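The values are calculated or read from the model by the stated rules, or taken from the named source; none is laboratory data. Note that this is a predicted model, so its numbers are computed, not measured. For neighbour counting, all protein chains shown are included, and Cβ atoms are generated from backbone atoms with ideal geometry for every residue, glycine included. These area figures cover heavy atoms from the full protein model, side chains too; ligands, DNA and RNA do not enter into them. Shrake-Rupley method; radii C 1.70, N 1.55, O 1.52, S 1.80 Å.
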Amino acid sequence: MTGLDVVFVLVGLLTAAGAVLTVTSKNLVHAALALAVTLAGIAGVFLVLHADFLALVQLVVYVGAVAVLFLFGLMLTRAPIGREALDSQNRGLALAVSGGLFVVLSTLIVLAFGDVRVDAMTGPGIDVIGIAIFAVWVLPFELLSMLLLAALIGAIVLARREDGESGEEAEVTRIEVGDPPINESDGPPAEVAGDGQAELPAGSGGGGQA
Amino acid sequence: MTVLTSTTALAQAPSILDVGDGVVLPILLKVALVLGLFFVVPLVGGYLEHKVMGRMQNRRGPVEAGPFGSLQLVADGIKFIQKEDIIPRAADKPMFALAPGLALVPALLVFLVIPLGPGVFAVDLELGLFYALAITSISVLGILLGGWASANKFSLIGGLRAGAQLIAYELPLIITAITVAVMAGTLSLVGIVEAQANFTLPGLEGFNLWFVFPQIVGFAIFFVAAMAELSRPPFDMPIGDSELVFGYMTEYTGIKFAMFLLTEYAGMITMSALMVVLFLGGWQILPGVATPGCEGAAGIMSCDPIGIAISVLVTLAKIMGLVFLMVWARVAYPRLREDQLQRISWLVLVPLSLANLAFVTILTVVL
Amino acid sequence: MAQTSLPGTGLLKGLAVTVKHLFKRPATLMYPYERNELAPRTRGVIALMDENCTVCMLCARECPDWCIYIDSHKETVPPAKEGGRARTRNVLDRFAIDFSLCMYCGICVEVCPFDALWWSPEFEYSEYTMDALLHEKDKLREWADTVPPPPALDEGAEAPAEVTEAIAKAEKELEAAAQKEADKAAAAEAATTEAKAGGSGPKKADEPKVAAGEIDQETYDALIAEGKSERIARSKAKAAYVKKEKARLKAEADAGGGDAEAAPTPKAADIKVEAGQIDQETYDALIAEGKTERMARAKAKAAWVKKEKARLAAEAESAAGAGAPAGEEAEPPSPTDAAGSDQAPSTDAPAEEPAATRKLGDVHVEGTGEIDQETYDALIAEGKSERIARAKAKAAWVKKAKQAKLDEEGGA
Ligand code: SF4
Ligand code: SF4
């Protein structure tokens, strides 16, 4: 057993513990943090396997963005973030799905990489990855990014429309830095001046500026 | 790809701390270097901030602790350690305790890849730039958690604001960094310095240019985004004390508060160091000037001890210059509103950095 | 306006302003090492001149915080004249201000009718406990020594109305007095030697007319060394010069006219000494005791003034003793001449009373408004208000006139 093996085992245990905590924790924020630990642990596993680029991507995408997004969502929405029990009554189904997934994935992995020695592996350099993505697989990559973009725009459109609204924004008069004061006689557009005049008592309109 | 980018071999440069054949000694030396950087340079930066800010406001700044008040931050640290460590009753105690550490550790880890001079770094990763940006993005977690765990409205809102701000400004930051990487053709920080040593314009052979000259827009974007990433004034909405008391740090006292503060100052140093490496030619004194005692590309890449010392001093001086700029902006400008903050990022910096990236990429490919 | 300039100039302006200030001298005053000159009316702490306090309780009653504590008892003063009514007098036992409650509104200072409360610029009296902020009479009296003189008038400013009035009156009275002196001298001429009497009259009349243009260099230097502003030092030095000159002339006149009439023997209280210098001995002792510099200075000044007064009094006495055999008459047996005490009887009264006790009451003299200049001067020199001095001097004049009448009658 080399030092690398020891580190690998430790990181693996940490990842597993994070995963267990994620599903058992009764506190949503704790669960989200445990998820972050799991994702970081996976980055550690990548690192031990010399896939440093992948590890950093894992870190920046999953820990830096996805986990933060989870926490953000939890805090912004009125999800039960206290210590209230959280149970969607779907344990049986969840167990079946995750168990099935585990069996399928592990079978696949064993079948595909069963004979490959781990210590023979060194992660591909970024140049290799770059060529793979942007030369060999450039079409699927572009398709994927189109899909993501569509999803992004769709999400924004959905999020902006509220019940009973057409999605069009009402005209809002904004006052920006540097705008002239509204009641200045020469500054604002005529309608604004007119509005102001209508609201003011008679005699205190534009004549007052003279 | 002839002129605009360097085509240097990407061999990872060895650290001068790799002495002897053993494993333990270099590691100890590197840990010492990183810890020394982490605990000393931010204090110097903080002292600079105190003094400059004081003078700009017609004050003197610290004068009592140490010569010219230079030990003020050390005294502050000792005071923080002595203070009572208060944890609110309603707080989520483990999270509350964890958050400052979660914010601090990434700031510490970034120092691993910062090159101060030829060979003066803990490790020169092939992905150094990416590593630095990835690690800093983790700090958000600590800040969000701290804000949530305090069980305080101000803290929660401060944490949320910090989260939103960090996400918003990470984008232009990373895109600009990518732009530089495209120009340099490498992600290694040492490699980027070397690329600047080799970077010339046609007709100016023998006179290298730093990336700040062709990339002045990128530098400006990076500078603004870095200040926002650090929640430095005028981008300090998350701790806006006129409305949020002290944002996510409201409930923190004593050593935990000091950890948040140290994170901020260390972040100031790492961001400045990144800017020095990405835009200001690393440890080169001036564009086209060779460091005495050094040779290699543009006369800065391999040095004798004197040259190394000069290089380290040059880097530190540049870092402090950038810290000065940050302090200057802090003193000169009032705090931005939250909506202005988000608008600047999404409507100005992100499109600008994307356009910059496209422009540079096209230029690089065409030329 | 902002619209006309290029975008971003505002940002640059901000940077320019801040960097300009970077190279300016900081406005900081390094407080424990440097001190600025506090305005004479600084509301530092409330000082008490307990000699002036009559226990009228106005301050305690007006204080919005009720933080002034006064205890007193009544004392009976034996009647001034035989057969008169015994009077009672309040004696102050305790006067304390709780500065943990005081809000420095200054109402007590404003309301005190006897000038017993003053603002002192002393401000370094913080304590570690609230209780320690309750300061008693002694402490408050110490602070009274640190009360600065009122600020000098602006150059070319008109003197306050009461001052010009008083000066005009005093001048008139002095002229009258000179006239009187001259008459007296003329009368005395027949009986005694001519030369000295002739000399004493004009000199006395000249006495206050000292050209006020010069300054007393000694005082000036001392004040500048103390760190006073040039303006203050000059005005004080001017005053000091005038006073000294007066004192000198008076001393000359007194020495000259010693036996023409009873030489007015100066007592410690009568002699005005300009308070510019400090008594180094006292100062050192106080500093060694750990008093603040300001406090020590104030006390040392007071000590110097006292010493100086004593010295001058001794000098003058010896001069008078040598010149005038009539010294015993001039030495009034009044022991009650505590500085600044309003209860102190008029200096001349006790001296004359024993002689005239029986018959004075019978004699009637019309009070014509004339005053006894000698008494008046003495009282003014003691620091009495002009009004009091005049009233007393009038009384003294009446008494003298009666005495004169009596003598006349007796002679007849
Ligand atoms: S200053 Fe005001 S509050 Fe203080 S003792 Fe005088 S009257 Fe009372
Ligand atoms: S008002 Fe003046 S005189 Fe009356 S008790 Fe107070 S301090 Fe004494």
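Values computed for the structure shown
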{"item": "Index of the failed condition, residue B:70 passing every other in (1) within 13 Å of chain A (Cβ to nearest Cβ); (2) small (Gly, Ala, Ser); (3) over 16 Å from residue B:267 (Cβ atoms)", "result": "(1)"}
{"item": "Top-ranked residue of the stretch C:87-136 - restricted to ones that are open to solvent by less than 40 Å² (accessible area, probe 1.4 Å) and among the charged types (D, E, K, R), ranked as nearest to ligand 1 (Cβ to nearest atom)", "result": "C:98"}
{"item": "The stretch C:1-51: number of residues that are among the aliphatic types (A, V, I, L, M), over 20 Å from residue B:329 (Cβ atoms) and more than 12 Å from every other protein chain (Cβ to nearest Cβ)", "result": "7"}
{"item": "Candidate set from the stretch B:67-81 (those that are within 24 Å of residue B:313 (Cβ to Cβ) and in contact (Cβ under 8 Å) with a residue 24 or more places away in the chain); member that is most open to solvent (accessible area, probe 1.4 Å)", "result": "B:74"}
{"item": "Single residue of B:362, B:319, B:306 found to be out of contact with any His (no Cβ under 6 Å at 6 or more places or on another chain), modelled with pLDDT under 85 and more than 14 Å from chain C (Cβ to nearest Cβ)", "result": "B:306"}
{"item": "Subset of the stretch C:179-200 (residues that are at pLDDT 80 or above and buried (at least 18 other Cβ atoms within 10 Å of the Cβ))", "result": "C:181"}
{"item": "Qualifying residue in the stretch B:185-205 (condition: within 30 Å of residue B:344 (Cβ to Cβ) and without any contact (Cβ under 8 Å) to a residue 60 or more places away in the chain)", "result": "no"}
{"item": "Neighbours by Cβ (under 9 Å, 6+ apart or cross-chain): first from the stretch B:324-338, more than 8 Å from chain C (Cβ to nearest Cβ); second buried (at least 18 other Cβ atoms within 10 Å of the Cβ) and acidic (Asp, Glu)", "result": "B:324/B:49; B:326/B:49; B:327/B:49; B:330/B:49; B:330/B:236; B:335/B:236; B:336/B:236"}
{"item": "Number of positions in the stretch B:133-173 that are open to solvent by less than 10 Å² (accessible area, probe 1.4 Å) and more than 10 Å from every other protein chain (Cβ to nearest Cβ)", "result": "11"}
{"item": "Filter result (part of a helix (DSSP H, G or I) and either of a type in the set (S, T, N, Q) or open to solvent by less than 30 Å² (accessible area, probe 1.4 Å) (or both)) within the stretch B:243-263", "result": "B:244, B:247, B:248, B:249, B:254, B:256, B:258, B:260, B:263"}
{"item": "Cβ-Cβ under 6 Å pairs, at least 6 apart or on other chains, the stretch C:77-92 side in contact (Cβ under 8 Å) with a residue 12 or more places away in the chain, far side basic (Lys, Arg) and more than 16 Å from ligand 2 (Cβ to nearest atom)", "result": "C:77/C:87"}
{"item": "Output for the stretch A:3-29, where each listed residue is surrounded by fewer than 18 Cβ atoms within 10 Å (Cβ to Cβ) and either within 11 Å of chain B (Cβ to nearest Cβ) or in contact with a Gly (Cβ under 7 Å, 6 or more places away or on another chain) (or both)", "result": "A:3, A:14"}
{"item": "In the stretch C:65-84, residue nearest to the other protein chains (Cβ to nearest Cβ) [restricted to those that are more than 14 Å from ligand 1 (Cβ to nearest atom), open to solvent by 50 Å² or more (accessible area, probe 1.4 Å) and part of a strand (DSSP E or B)]", "result": "C:71"}
{"item": "Search result, residues across the stretch A:24-59 that are assigned to a helix (DSSP H, G or I), over 21 Å from residue B:149 (Cβ atoms) and in contact (Cβ under 8 Å) with a residue 40 or more places away in the chain", "result": "A:46, A:48, A:52, A:53, A:54"}
{"item": "Residues within the stretch C:87-144 that are aromatic (Phe, Trp, Tyr), within 10 Å of residue C:46 (Cβ to Cβ) and within 12 Å of ligand 2 (Cβ to nearest atom), tallied", "result": "1"}
{"item": "Matching residues in the stretch B:21-61 - criterion: being open to solvent by less than 90 Å² (accessible area, probe 1.4 Å) and among the basic types (Lys, Arg)", "result": "B:30, B:51, B:55, B:60"}
{"item": "Residues of the stretch B:38-67 that turn out to be within 11 Å of chain C (Cβ to nearest Cβ) and not in a helix (DSSP H, G or I), as a count", "result": "7"}
{"item": "Answer from C:92, C:140 - the residue that is in a helix (DSSP H, G or I) and hydrophobic (A, V, I, L, M, F, W, C)", "result": "C:140"}
{"item": "Residue tally, condition near ligand 1 (Cβ under 10 Å from one of its atoms) and part of a loop (DSSP other than H, G, I, E, B), over the stretch C:34-64", "result": "3"}
{"item": "Output for the stretch B:120-132, where each listed residue is open to solvent by 10 Å² or more (accessible area, probe 1.4 Å) and either free of Cβ contacts under 8 Å to residues at least 24 places away in the same chain or more than 11 Å from chain A (Cβ to nearest Cβ) (or both)", "result": "B:120, B:123, B:124, B:131"}
{"item": "Of the criteria (1) within 30 Å of residue B:112 (Cβ to Cβ); (2) surrounded by fewer than 20 Cβ atoms within 10 Å (Cβ to Cβ), which one residue B:64 fails", "result": "(1)"}
{"item": "Matching residues, the stretch B:315-337, being of a type in the set (Lys, Arg) and part of a loop (DSSP other than H, G, I, E, B)", "result": "B:335, B:337"}
